[in-house]
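The values are calculated or read from the model by the stated rules, or taken from the named source; none is laboratory data. Small disclaimer: the values here were computed from a predicted structure and weren't measured. Quick reminder, even Gly has a Cβ in these numbers, built from the backbone with ideal geometry, and neighbours come from all protein chains shown.
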Amino acid sequence: MSVLEIKSLTHSYTDGSPFINDAVSDVSFSVEKGEIIGIIGHTGSGKSTLVQHLNGLLKPTSGEILFESENIWQKPKEIRKIRSKVGLVFQYPEYQLFEETVFADIAFGPKNMGLSGDELTRQVEEICRLIGIKEEYYSKSPFDLSGGEKRRVAIAGVMAMKPEVIIFDEPTAGLDPKGREEITEIIKAYRESTGATVIIISHSMEDMAEIADKILVMNKGKLEMFDETDKVFSNGAHLKEIGLNVPTVTKVFEKLYDMGIDVEKDVFTVNKAVEILTELKGRDNNA
Amino acid sequence: MDNIIEIKNATYSYTDEGISHIALNNISLNIKKGSFTVILGHNGSGKSTLAKLLNGLNTPTSGDIIVDGMNTRDEEKELEIKRKVGLVFQNPDNQLIASIVEEDVAFGPENLGLEPEKIRECVDEALKSVGMYEFRKSTPHKLSGGQKQRIAIAGIIAMSPDVLVLDEPTAMLDPKGRAEIISTLHYLNKEKNITVVLITHYMEEAENADRVIVMNDGEIINDGKPEDIFQNVKQLKEVGLDVPQTTELLYALKQKGFKVNTKALSIEDTAKEIAKALK
Amino acid sequence: MLKDITIGQYYEGKSLLHKSDPRMKIIWLIALIVLIFLAQNMYALGFAAISVIIAIVISRVPIKMYLKNMKTILPILLFTAVINLFYGEGEVLFSLFGKINITDGGIYRSVFMALRILLFIFISSVLTYTTTPNDLTDAIESLLSPLKFIGLKSAVHTLAMMMTITLRFIPTLIEEAEKIMNAQKARGADLESGGLTKRVKALIPILVPLLISAVRRSYELAAAMECRCYNGGEGKTRMKKMRLSLIDLFLSLACIIIGAGIITLNILL
């Protein structure tokens, strides 16, 4: 069953605003429960505007968003409820921390959802355990943590609402390779334990290739492609046309293909590449 | 080639809530004039601390930093050292002072007390060298991250520095912005003969450098040409770094018995190596 | 809503007003504001209005930009107009609820006051649209420079630097406030309902991160300024020299004519 259905979503900004805004026009797609979707596109392609519609932060100019088959704007007064079901982690989420302790900050979301007492404590603790925030951190000030730790706490703040769909806007931006890996692990852990649907905006094609089931490509406010990851990356020429990249491994395979070597171009992870090349070598040697 | 910066046994420590931390431990390093050096390290490896020592923003707890013959401890030389060694930071938003591009770039030369005509010359030339001349009358907050960062670089270039030190200048940028910055830096290095010290944790940015230095826990653990540094996949991973995907692929193939030279870095060379090994 | 703020917005152009000396522009602005408030009757104010319109035309900034400012001040304008409606003498035109009399004098007064505020806003916008924030601060610094002789040199420079930085960071901080607001809303924060205390309390999750970020930015900015050889303004020069030109003489003359016109109309009619 589709958990989210987006039907001809259009959002235009009233002009005159001094900021760069990216509009979205006539975007339709649906997301199945438990999928991991990667969204790629330029800065200004409409990615951020798109995801802010999925939890009702922005209201569509026209079109509909259905969560579990129900229009999220059916009762505009209750739009806040959708935000616990569709969690959104913004870019650099550590800049939203404000409470005196790590625990209180993570509890902010669930508290807004009406949880209190033991139930609240249990839910916060559960998330902390899941993503490795140790108990000795609970009473620390979030501002005393390192950059990577702050981001972990901020992400926990959204996960603590136990959303069924969780969206990340460039979750690894600005982190070093180890930090990036840690965040990816957290996302995987949450998905495994809750079965949640995950949507990730990222600029790193290599990361997307590792994690996403499907890729959604945005270009100039329009949905350019939405397909299985290998299908999208095998369409390197199209991606390049709109100024996007393919993973480095895919580029190597494109080169090999051009050199007349018998390989497909839809290879996008190192593991897969090694597998294919080893097989190819074995075949050549036997022949 | 001459050394433009000499780091002699520099140690930097600070106390936080009564506990003493050593951010840099007895580092010695020379930067050659006209070179392009990349310093790699994870967050907290001491690379940012090092950047701030190079222009005298901080002085080492012990040891010395010599810039073109001047010790950064010498207060009389403070401004001259800051002019010679320009520092660019991660967040372009927090480096721009004025609301109009050209007026921002003029800030440095104005502080140096240059004549108005001379300032105009420096500003125009700096903006042209980073490819932002046509935006000289724009306001920074309407520009992209990469453009803003190029303006921050122009603001330093306008003071005609010998060395440009950049502390993770691309960390907050999208791939397009990152590519813009890296090509701008190579242009400045080749065409304007500016020594570049680029601090980063993106491995791909080190590919075309003359020299790569790897830092961990306040110490230099490796120093050499990029293709040699990346051979040490295990060491890099151990200190929380990565290798370019091309190296990773060649490394994995080699372990499977492919006869490939893992020193290839570019996509073209990698493909050639693989093709050769398949024959 | 936050995005509608247009303080210190410069509109690029090459008009006479863009080219004239910012110091003179500040002096003219002050003079014109005083004159607008000196205008006692509709004829004098009408004359002032024509002068403002001419200024708008020669600024060559699209009229759309000026009207955009109207949106923000509309409540003040309406409030002034309505209040003044009730304070007038003369012939009663009609009564509201049988009690409040609306007189022709009231209507006159209402229009007069609203027009006055409108002119005030428009003429101020002419200055901000045609002068870069930096030119503006430089001009203020220059106009205040006589204070240097009474030992306030660094105070004048600091004030100008503060203004420059403030103008530069207003859009950045507005953008940041919106981001934080959205992030907290995504965590279920309720910013739109409840009584006053609840609403004020709801601001904490926005103000705390905003403040922390502003402090962090200021540290980084200070380091960046130091790296660009900032030394508290000692020995600092300027790229742009402010120079009086024929344009300034011409426009000053125009200001004097406007002044004379308004005063004459005040006396004659």
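A few points about this structure:
- Looking only at the stretch B:50-74, and only at residues there that are part of a helix (DSSP H, G or I) and within 13 Å of another protein chain (Cβ to nearest Cβ), the one that is surrounded by the fewest Cβ atoms within 10 Å (Cβ to Cβ): B:LYS52
- Some residue of the stretch B:174-189 being within 14 Å of chain C (Cβ to nearest Cβ) and either in contact (Cβ under 8 Å) with a residue 12 or more places away in the chain or not aliphatic (A, V, I, L, M) (or both): no
- All conditions in (1) under 20 Å from B:ASP104 (Cβ atoms); (2) crowded, with 18+ Cβ neighbours inside 10 Å hold for C:ALA222, with the sole exception of (2).
- So B:ILE97, is it part of a helix (DSSP H, G or I) and either at the interface with chain C (Cβ under 9 Å from one of its Cβ atoms) or of a type outside the set (Gly, Ala, Ser) (or both): no
- Residue within the stretch B:30-41 that is within 14 Å of chain C (Cβ to nearest Cβ), in contact with a strand residue (DSSP E or B) (Cβ under 7 Å, 6 or more places away or on another chain) and in contact (Cβ under 8 Å) with a residue 60 or more places away in the chain present: no
- Filter pass, B:GLY86 being in contact with a Pro (Cβ under 7 Å, 6 or more places away or on another chain) and either among the small types (Gly, Ala, Ser) or within 7 Å of chain C (Cβ to nearest Cβ) (or both): yes
- Beta carbons closer than 8 Å, at least 6 apart along the sequence or on distinct chains, pair a first residue in the stretch A:203-214 that is touching a residue at least 40 places away in the same chain (Cβ under 8 Å) and at the interface with another protein chain (Cβ under 9 Å from one of its Cβ atoms) with a second that is part of a strand (DSSP E or B) and crowded, with 22+ Cβ neighbours inside 10 Å for A:HIS203/A:ILE40; A:MET205/A:ILE40.
- Counting only helices (runs of 4 or more DSSP H) that sit wholly inside the stretch A:139-256, those with at least 3 residues that are of a type in the set (Asp, Glu) and within 23 Å of A:SER45 (Cβ to Cβ) are A:205-211.
- Within the stretch A:95-112, being facing chain C (nearest Cβ under 9 Å) and not hydrophobic (A, V, I, L, M, F, W, C) holds for A:TYR95, A:GLN96, A:GLU99, A:GLY109, A:PRO110, A:LYS111, A:ASN112.
- Scanning the stretch A:66-90 for residues that are closer than 23 Å to A:THR194 by Cα and either more than 12 Å from every other protein chain (Cβ to nearest Cβ) or polar (S, T, N, Q) (or both) turns up A:LEU66, A:PHE67, A:GLU68, A:SER69, A:GLU70, A:ILE72, A:SER84.
- Cross-chain or 6+ apart pairs with Cβ under 6 Å, the stretch A:97-125 first and surrounded by fewer than 16 Cβ atoms within 10 Å (Cβ to Cβ), then assigned to a loop (DSSP other than H, G, I, E, B): A:THR101/A:SER139
- Within the stretch A:257-274, the presence of at least one residue that is touching a residue at least 40 places away in the same chain (Cβ under 8 Å), out of contact with any Leu (no Cβ under 6 Å at 6 or more places or on another chain) and either crowded, with 20+ Cβ neighbours inside 10 Å or in a strand (DSSP E or B) (or both) is confirmed.
- For the stretch C:46-69, the set of residues classified as assigned to a loop (DSSP other than H, G, I, E, B) and surrounded by 16 or more Cβ atoms within 10 Å (Cβ to Cβ) consists of C:VAL61 only.
- Some residue of the stretch C:112-121 being over 16 Å from the mean Cα position of the chain (by Cα), farther than 16 Å from C:ILE262 by Cα and of a type in the set (A, V, I, L, M): yes
- B:ILE199 part of a strand (DSSP E or B) and either small (Gly, Ala, Ser) or away from every other protein chain (no Cβ under 14 Å) (or both): no
- The stretch C:239-269 - residue that is surrounded by fewer than 17 Cβ atoms within 10 Å (Cβ to Cβ) and among the basic types (Lys, Arg) and, of those, nearest to C:ALA39 (Cα to Cα): C:ARG243
- Checking B:LEU79 against (1) hydrophobic (A, V, I, L, M, F, W, C); (2) assigned to a loop (DSSP other than H, G, I, E, B); (3) in contact with a Leu (Cβ under 8 Å, 6 or more places away or on another chain), the condition it does not meet: (2)
- Looking across the stretch B:183-202 at every residue that is under 10 Å from the mean Cα position of the chain (by Cα) and of a type in the set (Ser, Thr, Tyr), the one that is farthest from B:THR37 (Cα to Cα) is identified as B:THR200.
- In the stretch B:101-108 there is no residue matching the filter, namely being under 30 Å from C:LYS240 (Cβ atoms) and surrounded by fewer than 18 Cβ atoms within 10 Å (Cβ to Cβ).
- Among the residues listed as C:THR130, C:THR103, C:THR137, the single one being among the β-branched types (Val, Ile, Thr), surrounded by 13 or more Cβ atoms within 10 Å (Cβ to Cβ) and at pLDDT 85 or above: C:THR130
- Boolean, A:LYS59 is surrounded by fewer than 22 Cβ atoms within 10 Å (Cβ to Cβ) and in a loop (DSSP other than H, G, I, E, B): yes
- Filter pass, C:LEU167 being within 14 Å of chain A (Cβ to nearest Cβ), touching a Pro at 6+ places or on another chain (Cβ under 9 Å) and either free of Cβ contacts under 8 Å to residues at least 40 places away in the same chain or at negative phi (or both): yes
- Residue match in the stretch A:200-208 (condition: out of contact with any strand residue (DSSP E or B) (no Cβ under 8 Å at 6 or more places or on another chain), crowded, with 22+ Cβ neighbours inside 10 Å, aliphatic (A, V, I, L, M) and closer than 25 Å to B:MET172 by Cβ): no
- Among the residues of the stretch C:214-247, those that are within 14 Å of chain A (Cβ to nearest Cβ) and in contact (Cβ under 8 Å) with a residue 40 or more places away in the chain comprise C:ALA214, C:ARG217.
- Residue within the stretch B:156-173 that is within 11 Å of chain C (Cβ to nearest Cβ), surrounded by fewer than 21 Cβ atoms within 10 Å (Cβ to Cβ), part of a helix (DSSP H, G or I) and of a type outside the set (S, T, N, Q) present: no
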